[in-house]
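What follows is one structure encoded as structure tokens, with my remarks underneath.
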Amino acid sequence: MTEVNRKGNTHIQDTNGWEVLIPTKLLSNGLQKINVLAVSKENTEYAISDSITTLNIIKSWPFPDIMELSHLNDSTDYIVDNINGISASEFNSLHDCNHYLNLSGWAIDKMRHDISGGIIVSLDGKEYQSQFRLEREDIVNVFNSERFKYAGWGITIPSDNLEEGRHELSFKVLNNKQQGYYTSSKKISFQYIKDVPVNILKDMILSDKKTQYSLDEINGVIINKSKRLLQFSASQMMITGWAVDIFARKPASMVLIEIDGRLFKSLYGKIRPDVSKYLKNTIYQYSGWTISIPSAIIGKGYHRLRLKIVSNDKMSYFTTEKEIIFKVI
């Protein structure tokens, strides 16, 4: 995780137990690549990583006091391009193994025909100011003006303390002089999903019975109609289906997606009137599930997928015999 805080420090933290705080004033202006040099315990060998992040340091860009900014009634142009490497228009879930929200985009001050003074991103009402200016030749070409060369912005927001559930991002655009801000009606809602404990099924009984379920689609491909090996190159895997506890004659309590032995928790309880009609019981109308998993978490190559369906009373679980084999390219 990398962030630049309001005191001008670059903070890098890794989940394997190390962290470093680098005063940004020690860094030069412009693009700065950061690598990690790992030394062996015996201090006899070392290895240097590939670049773990790139910072664009602009020392002449001060942080204004957000509370002193005036609200501007006009509108301006801006875009959120990507969130954690996924197109913002497709971003709908965050897994806690990411540890951060990394947003980027571009923004201009249309009234002054110049770049904006940055972006204020609000996460559930808590505000953060964009930390980087990014070079955007594409925006120069769109507006046919070199004034917009550094219209790009970026921000990293820690997400370790988020509660599981839905969260919302909203945005304000600072004017060029950083004296005021334009508001935006654009909001991005996403679901924060905590990693499933490895032993989540430990105290449950593996049922030798079969329940009813369906794995409907992966990234829009209907599973039952696909005759070929499933291959996906998208930045995330969107998987949908439904499942019930047919013996309790109730919905299941949870649907877990197992990929190569690793469990992911789906969002269970989506309305599925087609399922209640098919099973002739209205109690099954909230039996749908969906999950969005960034492809980077799964990795490229061949993978095996099956479902673990937890009973309504959470005392047992069903596992699907059929495995789905797919490839991330």
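The values are calculated or read from the model by the stated rules, or taken from the named source; none is laboratory data. These numbers were taken from a predicted model, which means no experiment stands behind them. Note that we place each Cβ from the backbone using ideal geometry, even for glycine, and neighbour counts take in every protein chain shown.
Determine whether residue 176 is of a type outside the set (Gly, Ala, Ser), in a loop (DSSP other than H, G, I, E, B) and at pLDDT 90 or above. Full working, then the answer.
Numbers: of a type outside the set (Gly, Ala, Ser): yes; in a loop (DSSP other than H, G, I, E, B): yes; at pLDDT 90 or above: yes.
Considered against the rule, which asks whether it is of a type outside the set (Gly, Ala, Ser), in a loop (DSSP other than H, G, I, E, B) and at pLDDT 90 or above, residue 176 comes out as yes.
For residue 224, all conditions in the list (1) more than 20 Å from the chain's Cα centre (by Cα); (2) within 25 Å of residue 90 (Cβ to Cβ); (3) in a strand (DSSP E or B) hold save one; what is the number of the exception?
(3)
Could you tell me whether region 93-105 includes any residue that is without any contact (Cβ under 8 Å) to a residue 40 or more places away in the chain and not hydrophobic (A, V, I, L, M, F, W, C)?
Our first condition is that a residue be without any contact (Cβ under 8 Å) to a residue 40 or more places away in the chain; within region 93-105, this holds for none.
No: region 93-105 contains no residue that is without any contact (Cβ under 8 Å) to a residue 40 or more places away in the chain and not hydrophobic (A, V, I, L, M, F, W, C).
Filter region 202-219 down to the residues that are hydrophobic (A, V, I, L, M, F, W, C) and surrounded by 19 or more Cβ atoms within 10 Å (Cβ to Cβ) and list them by number. Talk me through it step by step, then tell me what you get.
Just the residues of region 202-219 that are hydrophobic (A, V, I, L, M, F, W, C), to begin with: 204-206, 215, 218.
Scanning region 202-219 gives 215, 218.
Is it true that residue 248 is touching a Pro at 6+ places or on another chain (Cβ under 9 Å) and under 27 Å from residue 280 (Cα atoms)? Even if it seems obvious, please write down each step before you answer.
Working: touching a Pro at 6+ places or on another chain (Cβ under 9 Å): no; under 27 Å from residue 280 (Cα atoms): yes.
Taking the combined requirement at face value, the residue does not satisfy it.
Go through region 70-118 and count every residue that is surrounded by 14 or more Cβ atoms within 10 Å (Cβ to Cβ) and among the hydroxyl-bearing types (Ser, Thr, Tyr).
Summing the residues that are surrounded by 14 or more Cβ atoms within 10 Å (Cβ to Cβ) and among the hydroxyl-bearing types (Ser, Thr, Tyr) in region 70-118 gives 6.
Only residues that are surrounded by 14 or more Cβ atoms within 10 Å (Cβ to Cβ) and not in a strand (DSSP E or B): list them for region 119-130, please. Let's see the steps before the verdict.
Filtering region 119-130 down to residues surrounded by 14 or more Cβ atoms within 10 Å (Cβ to Cβ) leaves 119-123, 128-130.
Hit for region 119-130 is 130, nothing else.
Looking at region 302-329 only, could you name the residues that are loosely packed, with under 15 Cβ neighbours inside 10 Å and assigned to a loop (DSSP other than H, G, I, E, B)?
Of everything in region 302-329, those that are loosely packed, with under 15 Cβ neighbours inside 10 Å and assigned to a loop (DSSP other than H, G, I, E, B) turn out to be 313, 314, 315, 321, 322, 323, 329.
Assess whether residue 133 counts as being in contact (Cβ under 8 Å) with a residue 60 or more places away in the chain, touching a strand residue (DSSP E or B) at 6+ places or on another chain (Cβ under 7 Å) and outside any loop (DSSP other than H, G, I, E, B).
Here the answer is yes, as residue 133 does meet what is asked.
Checking residue 138 against (1) assigned to a strand (DSSP E or B); (2) surrounded by fewer than 16 Cβ atoms within 10 Å (Cβ to Cβ), which single condition isn't satisfied?
It fails just one condition, (1).
Could you grab the pairs with beta carbons closer than 8 Å, sequence gap of 6+ or different chains, first residue in region 209-238 and of a type in the set (Lys, Arg), second one surrounded by 13 or more Cβ atoms within 10 Å (Cβ to Cβ)?
Within 8 Å, the pairs are 209/247; 209/318; 210/318.
Pick from region 264-310 the residues that are more than 23 Å from the chain's Cα centre (by Cα) and of a type in the set (Gly, Ala, Ser): which of them is nearest to residue 211 (Cα to Cα)?
Within region 264-310, the match that is nearest to residue 211 (Cα to Cα) is 287.
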